[in-house]
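First up is the structure itself, then whatever we jot down about it.
The values are calculated or read from the model by the stated rules, or taken from the named source; none is laboratory data. Everything quoted here is computed from the prediction, not taken from an experiment. Glycine gets a Cβ as well: all are built from the backbone with ideal geometry, and neighbour counts include every protein chain shown.
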Amino acid sequence: MNLAVFVKHVPDAAEADLRIGPDGRSVRAEDLPFQMNEWDRFALEEAARLKEATGGSLTAFLIGPGEHEDSLRRCLAVGADRAVRVWDESFPTLGPAAVARALAAAVGEERFDLYLCGAQAADDGYAVVGPTLAVLLGVPWAALVCRLELQDGRIVCDRELEAGWFERVELALPALVTVQTGINEPRYVSILGIRKARSKPLEVRGLADLGVDPDEIGRLGALTRLEALEPPPPGREAEMLEGSPAEVARKAVAVLREKGGVL
Amino acid sequence: MSVWVIAEHRNGELREVTGELVAVARALGAGPVTAVVLGGPGETEAPAAGLPAGIDRVVRVEHESLAGFNGVAVAAALERVAARERPAVVLGAHSAAGMDWASALAAGLGAPVATDVLSLHRDDGGFLAVRTVYAGKLQARVRLAQAPTVVVTLRPGATEAAAGSAEVPAETEAAEVPAEVGRRFVEWIQEAAGEVDITQADVLVSVGRGIGDPEDLDVARDLAEALGATLSCSRPVVDLGWLPKERQVGISGKTVKPKVYIALGISGAFQHVTAMKDAGLILAVNKDPKAPIFRVSHYGIVGDLFKVVPELTKAVREAKG
Amino acid sequence: MAQACSKRRKWRGFRPPSLLAFQRAKAQKRWFVGKLRDIEGVPLAERYELAACLQCGRCTGGCPVGLRSPLNSRRLLYEALIREDGEVLVEREEVWDCTACRTCADRCPRGLEPVSVIREIRTLKIEEGRIPQTVMDALESALKHGNPWGRSRRKRFAWADGLGVPTLEEGDEAPNLWFVGCTPAYDPRCQEAARALAGILRAAGYPFTTLGNEESCCGSEMLRLGELGLFEELAEANRALLDEVAPETVLTTSPHCMNALRTDYDPAVSALHFSQVLARLADEGRIPFRREVPLRVAFHDPCYLGKQNGVYEEPRAAIAAVPGVELVEFDRSRERSLCCEGGGGRMWLEGLGEGERNAQQRVRTAADMGVDAVVTACPFCLLTLEDARKTAGLEDALEIVDLAELVWRGVEDLPDPCGLETRS
Ligand SMILES: Cc1cc2nc3c(=O)[nH]c(=O)nc-3n(C[C@H](O)[C@H](O)[C@H](O)COP(=O)(O)OP(=O)(O)OC[C@H]3O[C@@H](n4cnc5c(N)ncnc54)[C@H](O)[C@@H]3O)c2cc1C
Ligand code: SF4
Ligand code: SF4
């Protein structure tokens, strides 16, 4: 089975004081650590397991500058045979539609049996690339897949819905799935593994190499344009309990008793 | 100009979020509101009958391929009708269903799309969507290009739902969907009931990924025990196999409304928050002062849960005498 | 604070490399640990001369976890000798129980290294990618943030907020570099000890600086968990800083950092443990003791300080210097000290063993001895003993005190050196 996986390298916003850049539209990423998008780790693991089970090939795709290659190297270390990074100087503010278009162009004439994406990206949280890419590739898809099984030429997958419900669907191959967290247990990727994968091919392509008209990307990019980033509204403005752990504990007990009606 | 609301239903039931979509569609003032109910043969009648007030027209679309609200078929069916009728906005929910069909519809139409939108505004420049990025740490204003149709999905729970009932006779429309869309609905599956029902608890002590280690769950268990509370958790704790799914709070887990909700090491992603924000009293402990959970909490403690929680447990035990 | 510095020329050129160094390390293939080269190709048995093993079991007999855990070094070595493929070995979950205390290697009459064979089996597991989640989180965090505790690099120096602790980032130069370490920097309990040490060093007029947020994990535990490549990346990042700074002395809070710098880094960094510095400062009469500390204490020798590096006297000398303190000895002390099971990456592993942990045994013994406090000088010991004190229900009977905290109590009344004196 020939598989394609699409991954994104994203900043880890946990514990970060996100600072908005001078243009008002970007986050100052220089001091944020980056990592492979959480959902993509599960997609990659699923792809690697399918490859191990069925033989065949695995190709990894990523859109991003050179610093984002880490995530592709991980894919290679986990079992991808080859990786493709697409980048163009005009890219930095691509919207999801343009990203999907560029990825479709990178797939080009190649045909895979199954395409796997993460359900969403942790940074912009659009959850748009997967189904969009499926439309561009002309294959059926299923989003939010939390279980996947191969059955003679088809895949049967469970989509995770709300409130403890799931939907079982059957997809004819070739098809695309977007993967939900928890579908598997992603393996650890060692540094030695990543180093060894350096000998595997990693191609870098620009728009011109892909034969894509930059104007088209520009137009798609402008469909959904980020105008401004701002701090979120304060919401409930929680009253902060301050002091030593023992003090805050005492204050919390008072709150639980007086406001919570417990104790 | 018109606004289309894609009614969300499952297993014969209209989902609550549809009322929220209608409310937003109405407030937008971008023309009459059409509710579109898609589904397999016999699947649309009941949901259509449950639609709230504020709708000017109801269209039911049925087709074999649409059975089970099949996302591939829904996108295909909507694409054809929308290309012809050119609604200004197609509104859906940012739900498991919306995440399946909406962006595909936009791709088919070449239309601008904004997902997980908190509020949608119309001005001279067209439509402006407000949404969150970086797991709720920042808010983004997103401009949708001027186009015959834009596709928008709204975050469930972000708006007050429209009430009442539609009282509009439904039209039926023949679906122009290919018989074979490459995807077939098989069945709905409900997670088996577990041993505990967190929705019945008065007090929940809920742990998130911040707990870091399954062994450390005892820190939270101790507090729960001292308070006579039930232990619940966020999704990663379930993904990692540290607690069973039945204890998961969130849109893909359970919606809870206890008297007291204590969130330990939970960042406050909307998929979690939506399902617990109506708790009577929310107390959050998180080491990150910028964690979005503090925005839905009544009380907050910035600190290491391993330091704070044992003290809290001790103080609770003392208070109980 | 800035002291005259012999290396001024180099210092001025100081630019924090941090993440850059990480990237550079990836580009260069510089190996730090000569003996780790070629982990593939040559079978384990050959590399470690396992044919010389007598199967006498002295290694297993001395193993601090052997009584409770299925870990059996003698048997593992035998399996490694007769099985060439290593498949059986990779299945062995008990290798995660090893605390890397090196007792086995010290006791082996043939000079074999069971501990290294175990580490290599861990490496095989790591290369397969199937490892306990907690270990995975620690390793990934060390790569991403430069510390195994999942905390942001930008908060590394937050423990010193308000203390006026000098850092090179701020341009504070000094001949002595304090390598603070991850656990003292991030763990709230260990931060107290780090703050006490900062207070003492300043009160004693000891000129020092730190790497601030630029310091990375020393890699000791990553190496012992079997993640060689990660160890190299971390070591490279620290090495780049140390080369640029070229301090006269490097002192560490943790014996694990000291041991890594001394024995795992290649070329070695001659690091000192803070207990050694305190002993010297006390000896020179530079610690301004002002208060009696009427405590009867027992000293718990950290394995990486004592058994592995032979530092037994200095911590005792520092304790003895504190006015009012009475030092008594555990029956099992110095070379025979009981391992607390915090090493070898065990901070992220519960272990398969059942029954009472060594640390619990330790605090119980201390309580029976009637001491007021157990003093130790290692962040891992501090945490495991603190934990054991709680599980053993001895919270009211016994204190666990870091050596720096004990000394600080003799100097100042304040629990914390915050606001004591700000930077001049
Ligand atoms: C379709 C879909 C459905 C989903 N459904 C759900 C759902 O039903 N329920 C759900 O919960 N999520 C759900 N999610 C996932 C959701 O987006 C978040 O990823 C998830 O809620 C994050 O969980 P968390 O807060 O525990 O972890 P994180 O976001 O990783 O947050 C951990 C928090 O712990 C804090 N912390 C760490 N260590 C400590 C410490 N020692 N002391 C104090 N604080 C500490 C950190 O500062 C951080 O804020 C869903 C996602 C999708 C796409
Ligand atoms: S290093 Fe210590 S714990 Fe590990 S096998 Fe040897 S004696 Fe046992
Ligand atoms: S002590 Fe040395 S010789 Fe004896 S069994 Fe252990 S490894 Fe073999």
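Report yes if residue C:98 is buried (at least 19 other Cβ atoms within 10 Å of the Cβ), within 24 Å of the chain's Cα centre (by Cα) and at pLDDT 85 or above, otherwise no. So residue C:98 fits the description; yes.
Here residue A:106 meets each of (1) assigned to a helix (DSSP H, G or I); (2) within 14 Å of another protein chain (Cβ to nearest Cβ) with one exception, condition (2).
Got a sec? Which of B:241, B:157, B:210, B:194 is touching a Gly at 6+ places or on another chain (Cβ under 8 Å) and outside any strand (DSSP E or B)?
Exactly one of B:241, B:157, B:210, B:194 is touching a Gly at 6+ places or on another chain (Cβ under 8 Å) and outside any strand (DSSP E or B), namely B:210.
Considering only residues that are facing chain B (nearest Cβ under 10 Å) and assigned to a loop (DSSP other than H, G, I, E, B), look in the stretch A:137-154 and name the one that is surrounded by the fewest Cβ atoms within 10 Å (Cβ to Cβ). Top of the filtered list is A:138.
One residue stands out among those in the stretch C:368-415 that are small (Gly, Ala, Ser) and in contact with a Phe, Trp or Tyr (Cβ under 7 Å, 6 or more places away or on another chain): the one that is surrounded by the fewest Cβ atoms within 10 Å (Cβ to Cβ), which is C:410.
Residue pairs whose Cβ atoms lie under 6 Å apart, sitting 6 or more positions apart in sequence or on different chains, and linking a residue in the stretch C:53-67 that is assigned by TED's automatic domain parsing to the domain that holds residue C:339 to a partner that is part of a loop (DSSP other than H, G, I, E, B) and within 8 Å of ligand 3 (Cβ to nearest atom), do not occur here. Annotation: residue C:371 fulfils all but one of (1) part of a loop (DSSP other than H, G, I, E, B); (2) at pLDDT below 90; the unmet one is (2).
If you go through the stretch B:224-270 and keep only what is of a type in the set (Ser, Thr, Tyr), within 11 Å of ligand 1 (Cβ to nearest atom) and more than 19 Å from the chain's Cα centre (by Cα), you end up with just B:232. Number of residues in the stretch A:209-243 that are in contact (Cβ under 8 Å) with a residue 24 or more places away in the chain and away from chain B (no Cβ under 13 Å) equals 5.
Exactly one residue out of C:129, C:111, C:86 is on the phi > 0 side of the Ramachandran plot, within 9 Å of chain A (Cβ to nearest Cβ) and modelled with pLDDT under 90: that is C:129. Could you go through the stretch B:138-150 and let me know if any residue there is more than 9 Å from chain A (Cβ to nearest Cβ), at positive phi and either within 17 Å of the chain's Cα centre (by Cα) or in a loop (DSSP other than H, G, I, E, B) (or both). Scanning the stretch B:138-150, I find no residue that is more than 9 Å from chain A (Cβ to nearest Cβ), at positive phi and either within 17 Å of the chain's Cα centre (by Cα) or in a loop (DSSP other than H, G, I, E, B) (or both), so the answer is no.
Before we move on, is residue C:81 assigned by TED's automatic domain parsing to the domain that holds residue C:106, out of contact with any helix residue (DSSP H, G or I) (no Cβ under 6 Å at 6 or more places or on another chain) and either aliphatic (A, V, I, L, M) or within 13 Å of ligand 2 (Cβ to nearest atom) (or both)? Spell out the reasoning first.
Working: assigned by TED's automatic domain parsing to the domain that holds residue C:106: yes; out of contact with any helix residue (DSSP H, G or I) (no Cβ under 6 Å at 6 or more places or on another chain): no; either aliphatic (A, V, I, L, M) or within 13 Å of ligand 2 (Cβ to nearest atom) (or both): yes.
Answer is no for this residue.
Residues being within 12 Å of ligand 1 (Cβ to nearest atom) and at the interface with chain A (Cβ under 9 Å from one of its Cβ atoms): count how many of those fall in the stretch B:271-294. Selection size over the stretch B:271-294: 11.
Among the residues in the stretch B:43-52, are any in a strand (DSSP E or B) and in contact (Cβ under 8 Å) with a residue 12 or more places away in the chain?
No.
Among residues that are outside any loop (DSSP other than H, G, I, E, B), modelled with pLDDT of 90 or more, in contact with a strand residue (DSSP E or B) (Cβ under 6 Å, 6 or more places away or on another chain) and surrounded by 13 or more Cβ atoms within 10 Å (Cβ to Cβ), residue A:253 is not included. Of the residues making up the stretch C:279-314, those that are in contact with a His (Cβ under 8 Å, 6 or more places away or on another chain) and not β-branched (Val, Ile, Thr) number 4. Condition check: more than 10 Å from chain B (Cβ to nearest Cβ), modelled with pLDDT of 90 or more and either in contact with a Lys or Arg (Cβ under 9 Å, 6 or more places away or on another chain) or not in a loop (DSSP other than H, G, I, E, B) (or both). Does residue A:133 satisfy that? Spelling it out, it is not the case that residue A:133 is more than 10 Å from chain B (Cβ to nearest Cβ), modelled with pLDDT of 90 or more and either in contact with a Lys or Arg (Cβ under 9 Å, 6 or more places away or on another chain) or not in a loop (DSSP other than H, G, I, E, B) (or both).
Within the stretch C:313-321, not a single residue is buried (at least 17 other Cβ atoms within 10 Å of the Cβ), at pLDDT below 90 and within 26 Å of residue C:149 (Cβ to Cβ). Go through C:140, C:46 for me and flag whichever is under 30 Å from residue A:28 (Cα atoms), acidic (Asp, Glu), without any contact (Cβ under 8 Å) to a residue 60 or more places away in the chain and assigned to a helix (DSSP H, G or I). Residue meeting the stated conditions: C:140. One residue alone among A:98, A:83, A:102, A:77 is under 14 Å from residue A:4 (Cα atoms) and either aliphatic (A, V, I, L, M) or crowded, with 19+ Cβ neighbours inside 10 Å (or both), and that residue is A:83.
Can you go through B:186, B:205 and tell me which one is surrounded by 22 or more Cβ atoms within 10 Å (Cβ to Cβ) and either touching a Phe, Trp or Tyr at 6+ places or on another chain (Cβ under 9 Å) or in a strand (DSSP E or B) (or both)? Just a single option satisfies the conditions, and that option is B:205.
Condition first: closer than 20 Å to residue A:195 by Cβ and assigned to a helix (DSSP H, G or I). Now tell me which residues in the stretch C:199-223 satisfy that. Residues satisfying the conditions are C:222, C:223.
Quick one: is residue B:190 under 30 Å from residue B:45 (Cα atoms) and without any contact (Cβ under 8 Å) to a residue 24 or more places away in the chain? Yes: the conditions hold for residue B:190. Here B:275, B:263, B:269 are screened, and the one residue that is touching a residue at least 60 places away in the same chain (Cβ under 8 Å) and more than 16 Å from ligand 2 (Cβ to nearest atom) is B:269. Number of residues in the stretch C:157-184 that are within 14 Å of chain A (Cβ to nearest Cβ) and either within 17 Å of the chain's Cα centre (by Cα) or farther than 22 Å from residue C:249 by Cα (or both): the value is 1.
Pick from the stretch B:155-183 the residues that are touching a Ser or Thr at 6+ places or on another chain (Cβ under 8 Å) and facing another protein chain (nearest Cβ under 9 Å): which of them is surrounded by the fewest Cβ atoms within 10 Å (Cβ to Cβ)? Result: B:180.
Looking at the stretch C:332-353, which of the residues that are away from ligand 2 (no atom under 13 Å from the Cβ) and in a loop (DSSP other than H, G, I, E, B) is nearest to residue C:183 (Cα to Cα)?
The selected residue is C:350.
A residue that is in contact (Cβ under 8 Å) with a residue 24 or more places away in the chain, closer than 15 Å to residue C:403 by Cβ, part of a helix (DSSP H, G or I) and assigned by TED's automatic domain parsing to the domain that holds residue C:374 cannot be found anywhere in the stretch C:293-312.
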